[in-house]
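The values are calculated or read from the model by the stated rules, or taken from the named source; none is laboratory data. What you see is a predicted model, and the numbers here were worked out from it, not measured in a lab. Ideal geometry is used to build each Cβ from the backbone, glycine not excepted, and the neighbour counts take in all protein chains shown.
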Amino acid sequence: MIEGAAGLVSVFIEQPQFQGQTKEKLVSVEATKLVETIVGDNFEHWLTGDKEVGNVLLEHVVAKAEERLRRKQDREQQRKTATRKLRLPGKLADCSSTASIGTEIFLVEGDSAGGSAKAARNRETQAILPLRGKILNVASASADKLRENQEIQDLIQALGCGTGAHYSDDRLRYERVIIMTDADVDGAHIASLLMTFFYREMPKLIESGHLFLAQPPLFRMTKGGRTEYAHDEQQKNELLRTVFGGKAEMTRFKGLGEMQSMHLRETTMDPTKRILLKVDVPTAADVDARREAMRTATLVEDLMGRKPEKRYAFIQENAKFARDLDV
């Protein structure tokens, strides 16, 4: 039985056999074999005649099977840990506050960035979780691969709120979950993978307004006693023209790990000075937003899904529009 699908078969049997006294289930072996043969052959013929629809149906069945397996594993995990002390990943630098209100966790790429972030944080309210840069492609990964990936396991344990149907906002250990990656193209790629994970496994975390993107600078410019930061090439050129008269001493941060902790704190982690982008999902009542969400979901599937030919086609169609590449 496929969720969301139903069928009706009318069969006349001379001597039907039922299970139990309520007779709710037919158990006539001959009838079962006859229906399976007729329906099965015709259904197989229909699938082979329309492979595109067949693939969509197969992907749906696989996704539902993975969801059932994940729910079973979640229930088993809850039974195993119900009476045990909360387990947290070893590389998590947790905050000292025991309440979730006012706290935040920064998800950073790699131990180097984690070191800078730990030195720049407010230990009372800010936690740091370093994640390996080459995180799993969660858009195309199966439920089993997600469970086996150490970075994903660490993230789920640190947040403490569960995933999928077992997500609980009350168990979320932090008020804000902040993705803080490098300001270059690689950082944007890691951020997109993490957002895809939350959209797939913890959509309610986004709907509840807990997910944010940090905005670390890419450039630091100084001249005389003045210092300015720029998040991209366009902002850098604008500051050079309007503030520094075309010339300034410039530092390009290759990653958060190369930033001094004081610079990372004042530009990205200090709540009184930083800029955070709130990650949002369209509401069901907003038709235009819902359509945009569908286009976005299709684009994510094309670029990060299981079919490499779709990525190749996208590159072929859009390569001519690429400008000012950050490589």
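Only helices (runs of 4 or more DSSP H) whose full extent lies in segment 185-252 are considered here, and the ones with at least 2 residues that are loosely packed, with under 14 Cβ neighbours inside 10 Å and not assigned by TED's automatic domain parsing to the domain that holds Gly110 are 233-242.
For segment 115-160, filtering for residues that are part of a helix (DSSP H, G or I), at pLDDT below 85 and small (Gly, Ala, Ser) leaves 1. Has segment 20-40 got any residue that is at pLDDT 75 or above, of a type outside the set (A, V, I, L, M, F, W, C) and closer than 30 Å to Lys307 by Cβ? Yes, that holds for at least one residue.
Yes/no matrix, rows are residues, columns are (1) farther than 26 Å from Arg176 by Cβ; (2) within 15 Å of the chain's Cα centre (by Cα); (3) modelled with pLDDT under 90; (4) of a type outside the set (Val, Ile, Thr):
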site	(1), (2), (3), (4)
Arg200	no, yes, yes, yes
Leu218	no, no, no, yes
Glu233	yes, no, yes, yes
Lys236	yes, no, no, yes
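Of all the numbered requirements in (1) polar (S, T, N, Q); (2) crowded, with 19+ Cβ neighbours inside 10 Å; (3) out of contact with any helix residue (DSSP H, G or I) (no Cβ under 6 Å at 6 or more places or on another chain), Gln153 misses one, and that requirement is (2). Per this entry, Leu47 is counted among residues that are outside the structural domain of Gly115 (by TED's automatic domain parsing) and either at pLDDT 80 or above or assigned to a helix (DSSP H, G or I) (or both).
Within segment 25-44, if we keep just the residues that are among the small types (Gly, Ala, Ser) and assigned to a helix (DSSP H, G or I), the residue that is surrounded by the most Cβ atoms within 10 Å (Cβ to Cβ) turns out to be Ala31.
The condition of being modelled with pLDDT under 80 and surrounded by 11 or more Cβ atoms within 10 Å (Cβ to Cβ) does not hold for Asp94. Among the residues of segment 177-192, are any over 28 Å from Arg252 (Cα atoms), in contact (Cβ under 8 Å) with a residue 12 or more places away in the chain, touching a Gly at 6+ places or on another chain (Cβ under 7 Å) and not β-branched (Val, Ile, Thr)? No; the residues of segment 177-192 include none that is over 28 Å from Arg252 (Cα atoms), in contact (Cβ under 8 Å) with a residue 12 or more places away in the chain, touching a Gly at 6+ places or on another chain (Cβ under 7 Å) and not β-branched (Val, Ile, Thr).
Out of contact with any Asp or Glu (no Cβ under 7 Å at 6 or more places or on another chain) and at pLDDT 85 or above: does that describe Gly110? Judged against the criteria, Gly110 is not a match. Restricting Arg265, Arg274 to residues that are in contact with a Ser or Thr (Cβ under 7 Å, 6 or more places away or on another chain) and assigned by TED's automatic domain parsing to the domain that holds Arg123 narrows the list to Arg274.
Sub-9 Å Cβ pairs linking a first residue in segment 238-251 that is without any contact (Cβ under 8 Å) to a residue 12 or more places away in the chain to a second residue that is of a type in the set (A, V, I, L, M, F, W, C), at least 6 apart or interchain, are Glu238/Ala230; Gly246/Leu240, ordered by first then second residue.
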